[in-house]
Amino acid sequence: MTQPKPHTFITLVDMLRQRASSSPEKTLYIFLADGETDERPLTYVQLDQRARQIALLLQEQGSVGDRALLLYPPGLDYIAAFFGCLYAGWIAVPSYPPRRNRHDARLQAIMDDAQAKVVLTDSDTYEDRQSRIDHMPDLAAMHWIAVDTVSNDPDGWQMPDISPQNIAFLQY
């Protein structure tokens, strides 16, 4: 009996697009919000749709190779934002949100080095950003987007010209 040939994917975008097409309702991620029982699932098609929505927004803000600072607590929104960057051809720069009313020297160093164009975050961090960035004027001056509130039509997304040689993310 012949084994079926595994799919050959060029990029992670290709992989997720194919899986969203072939297994749309299959669960890809489960986040345990309370660490044990409060399950929040994310299917292939849900992640693909969210990634295209975020990518479309990023494509309107800049071009392939631009950088987005991802400030998220643990959760599924981070995954959607990360894939949104991949779908836009942007470089994801993940970090934790700054603590309230404290200057974060590490985050400042990341910002200085990465030269991110926008901050992607969740609505809770976005709403509380003022208390987090009072001591960080460079972060306050950046364009902030709460991606969990994005509701544009994902069908407007255009596949960027990306290849395996493109940088996917900068990990500090």
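The values are calculated or read from the model by the stated rules, or taken from the named source; none is laboratory data. Just so it is clear, the structure is predicted and the values come from calculations on it, not from any experiment. Note that we place each Cβ from the backbone using ideal geometry, even for glycine, and neighbour counts take in every protein chain shown. Heavy atoms of the whole protein, side chains included, go into the accessibility calculation; ligands, DNA and RNA do not. Shrake-Rupley method; radii C 1.70, N 1.55, O 1.52, S 1.80 Å.
LEU58 is checked against (1) modelled with pLDDT of 95 or more; (2) farther than 20 Å from LEU139 by Cα and fails just one. What number does that condition carry?
(2)
Looking only at residues in region 134-152 that are in a loop (DSSP other than H, G, I, E, B) and in contact (Cβ under 8 Å) with a residue 24 or more places away in the chain, which one is surrounded by the fewest Cβ atoms within 10 Å (Cβ to Cβ)?
SER151
Looking at the structure I just gave you, is LEU107 in contact with an Asp or Glu (Cβ under 9 Å, 6 or more places away or on another chain), assigned to a helix (DSSP H, G or I) and not polar (S, T, N, Q)?
So LEU107 does not fit the description; no.
A quick yes/no check of all residues on (1) open to solvent by 30 Å² or more (accessible area, probe 1.4 Å); (2) in a strand (DSSP E or B); (3) over 19 Å from PRO74 (Cβ atoms):
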residue: LEU120; (1), (2), (3): no, yes, no
residue: ARG132; (1), (2), (3): yes, no, no
residue: ASP155; (1), (2), (3): yes, no, yes
residue: GLN165; (1), (2), (3): yes, no, yes
residue: TYR172; (1), (2), (3): yes, no, no
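Please work out which one of (1) open to solvent by less than 50 Å² (accessible area, probe 1.4 Å); (2) in contact with a helix residue (DSSP H, G or I) (Cβ under 6 Å, 6 or more places away or on another chain); (3) among the acidic types (Asp, Glu) is the condition ASP128 fails and give its number.
Only one criterion in (1) open to solvent by less than 50 Å² (accessible area, probe 1.4 Å); (2) in contact with a helix residue (DSSP H, G or I) (Cβ under 6 Å, 6 or more places away or on another chain); (3) among the acidic types (Asp, Glu) is unmet by ASP128, namely (2).
Picking from LEU47, LEU12, LEU69, which residue would you name as being more than 22 Å from THR149 (Cβ to Cβ) and either open to solvent by less than 50 Å² (accessible area, probe 1.4 Å) or at pLDDT 90 or above (or both)?
LEU12
Looking at LEU107, LEU76, LEU58, LEU86, which is the one that is in contact (Cβ under 8 Å) with a residue 40 or more places away in the chain, in contact with a Ser or Thr (Cβ under 8 Å, 6 or more places away or on another chain) and surrounded by 20 or more Cβ atoms within 10 Å (Cβ to Cβ)?
LEU86
List pairs: first in region 20-34 and at pLDDT 95 or above, second among the charged types (D, E, K, R) and open to solvent by 70 Å² or more (accessible area, probe 1.4 Å), Cβ under 7 Å, 6+ apart or cross-chain?
From residues that are at pLDDT 95 or above, there are no pairs.
Hey, does region 126-138 have a residue that's at pLDDT 90 or above and not polar (S, T, N, Q)?
Among the residues of region 126-138, not one is at pLDDT 90 or above and not polar (S, T, N, Q), which makes the answer no.
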